[in-house]
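Note sheet for the following structure.
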Amino acid sequence: MTIAESNHKKMDEVTPLLSRETQQNTWENDANGVNNKKPSTWFVIIPLFFLTLCFGALYAPMIQFYTVVFCHRYYQSQTGDSTDIPIESCTIPEVQAIISQAQAVIMFLSYSSTLLVASYYGSLSDRKGRRLIFKLAGVGNCLLMVAYITTIKYQNIFGVALLFIAPVIRGLMAGDTIMFAAVQAYISDCTTTAERTVAFGRFMGAMYLGTTVGPVAASILIKKTGSIMSIFYMVLIVSIIFELYVIFILPESHDFRRFKPTTPKKKDTLLERINVFSALRILFRASSRHANSYALVIIAAVSFLLAVIALPPTILYAMLTFKWTAFEGGIFISLGSFSRLIMLTVLLPLASKIFHRKKPEPIVEEPEMITQPKIIEEEFTEEASSTTSSSNSTTDVPELSDKEVRHAIKFDTWMIRFGLVVETITLIVMGLATTSLTFTLTVMIQSFASLAQPSLRSLTTALVSPNEVGELLGAMAVLEACAMILSQITINTIYSASVRTMPELIFFICAGVSVVAAGLAFFVKPLPFTEVEERHETA
């Protein structure tokens, strides 16, 4: 068996996307020829915490900012005078309807622009690396903050135009959806299937930790300064620091030499290039020997439905029903995020450890002493040189057996089902809550539903080969962008139409969508282990 054949035999969706020998030795330098450090999931998880801290701090103030801006425009259109309007006068159904519609338009523009480039950036990250996507996202964040600060300081000059233009620019510059897809690809590059669920749990835990600390810090800062300007400046400074971190410190995780396309890629036609949905072909093309047919399509559908109901107008509803301000909203977001943080950093690893305790023992193949023919040695000299120097280091990290992979898939599927059931129940209770305490406690209990998210991400990447991860996550970014567009068209429109008569209706509709997603999740299952495979594993 040649070196190339041996590597190809072991390379499938169960292996880490960066082999241990590759992690220890050679990494493809970027265009600047820097960053030869060994990549790790912590290189993206830690900076992600600071980004989500800032944007978590910005969430409630942005709602209040929208409220003040559009409230003034509302009263100006009604009376011709919009000076000295107390915030209490803005929490009326008429203003709420305007804000909801404006948010729907802003989100629609943002995710429409993301939709146009998600597929391209997904494949680009496979060709040029993950760092390029992070660089573009950092520039987009900076431009967004500059636009918001300009609108706050010079509203009489620019009006609200920049509120609608800036999200489009940010979407084209690898917005949130694309950046998070790149983070997931980075984590997948550094982990095996069994490690990935917990790694994604840490990734989401960092996000929730940021959104736990951020709103509390913002609420305190708002109370002391009486202004939200300082928060926007804080986010701008952190975005600039993140951009510098990506340029000068962050190592590239993608190994360009090992993961070449298995088949030559045909040149896309003009229609395929302008068709943003052509990226979804991988959902039907890719298949795994470890899960049932169309498992990837079903998981993609579940992710799509969850994205549709991911952002119900919870804060707007609480401001209307319980008369909350940005201060109470910030505390509410922090409590919910802290609960999710505990679930993902404590309960998820514990559940994973217990579930995998009785997993099958990994199969470790004894190295074979093979003399390579001279012609083969010449053909694969470059590949052999990149792996020989550390071949001994791989023996302490055995390849996962098929049993272990299917055991991990089983764990992920049950986490997804459990999370979706909890999501459905808590959405119904939120619609029935009559006090702010009940509403808040329900959202804290809803944190159990967050256990489904890391498993969704882990299972998605486990069902494709390593050299298709970037393309797959690009397709998932397209789906998420479509879901968010649909969400803004439907969720916000329904809330805007029902806010005067039955504002809680939106939670019951979201619960119905969650029921459908939960039902689909029960159709995903690992394939049973056959006697033939059993003999092959033990051979």
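The values are calculated or read from the model by the stated rules, or taken from the named source; none is laboratory data. Computed from a predicted model, the values in this text were never measured in an experiment. Here Cβ is always computed from backbone atoms with ideal geometry, including for glycine, and neighbour counts include all displayed protein chains. Note: accessible area is taken over every heavy atom of the protein model, side chains too, but ligands, DNA and RNA are not part of it. Shrake-Rupley method; radii C 1.70, N 1.55, O 1.52, S 1.80 Å.
Give the residue, chosen from Thr67, Thr52, Thr41, Thr79, that is farther than 30 Å from Tyr186 by Cα, buried (at least 19 other Cβ atoms within 10 Å of the Cβ) and of a type outside the set (A, V, I, L, M, F, W, C).
Thr67
Looking at the stretch 180-188, can you tell me whether even one residue there is among the hydroxyl-bearing types (Ser, Thr, Tyr) and open to solvent by 10 Å² or more (accessible area, probe 1.4 Å)?
no
Could you tell me whether the stretch 7-20 includes any residue that is at pLDDT below 75, within 30 Å of the chain's Cα centre (by Cα) and either over 24 Å from Thr460 (Cβ atoms) or of a type in the set (Phe, Trp, Tyr) (or both)?
no
Yes or no: the stretch 41-54 includes at least one residue that is in contact with a Cys (Cβ under 8 Å, 6 or more places away or on another chain) and within 24 Å of Ile333 (Cα to Cα).
no
Looking at the stretch 161-177, which of its residues are outside any loop (DSSP other than H, G, I, E, B) and under 16 Å from the mean Cα position of the chain (by Cα)?
Passing the criteria: Gly171, Asp176, Thr177.
Thr177 fails exactly one of the following numbered conditions: (1) within 18 Å of Gly470 (Cβ to Cβ); (2) at pLDDT 85 or above. What is the number of that condition?
(2)
Being within 16 Å of Leu479 (Cα to Cα) and in contact (Cβ under 8 Å) with a residue 60 or more places away in the chain is the requirement here; does Ile315 meet it?
Working: within 16 Å of Leu479 (Cα to Cα): no; in contact (Cβ under 8 Å) with a residue 60 or more places away in the chain: yes.
Against the criterion (within 16 Å of Leu479 (Cα to Cα) and in contact (Cβ under 8 Å) with a residue 60 or more places away in the chain), Ile315 does not qualify.
What is the one condition in (1) assigned to a helix (DSSP H, G or I); (2) open to solvent by less than 10 Å² (accessible area, probe 1.4 Å); (3) under 28 Å from Ser450 (Cα atoms); (4) not hydroxyl-bearing (Ser, Thr, Tyr) that Val198 does not satisfy?
Failed condition: (2).
Please give the helices (runs of 4 or more DSSP H) falling wholly within the stretch 402-513 in which 3 or more residues are surrounded by fewer than 22 Cβ atoms within 10 Å (Cβ to Cβ).
Values: elements: 402-432, 436-445, 452-462, 469-498.
Per the criteria, 402-432, 436-445, 469-498.
In the list Leu124, Leu172, Leu136, Leu115, which residue meets the criterion of being hydrophobic (A, V, I, L, M, F, W, C), touching a Cys at 6+ places or on another chain (Cβ under 8 Å), open to solvent by 10 Å² or more (accessible area, probe 1.4 Å) and under 30 Å from Ser458 (Cα atoms)?
Working: Leu124 fails: touching a Cys at 6+ places or on another chain (Cβ under 8 Å); Leu172 fails: touching a Cys at 6+ places or on another chain (Cβ under 8 Å); Leu136 fails: touching a Cys at 6+ places or on another chain (Cβ under 8 Å).
Criteria check complete, one pass: Leu115.
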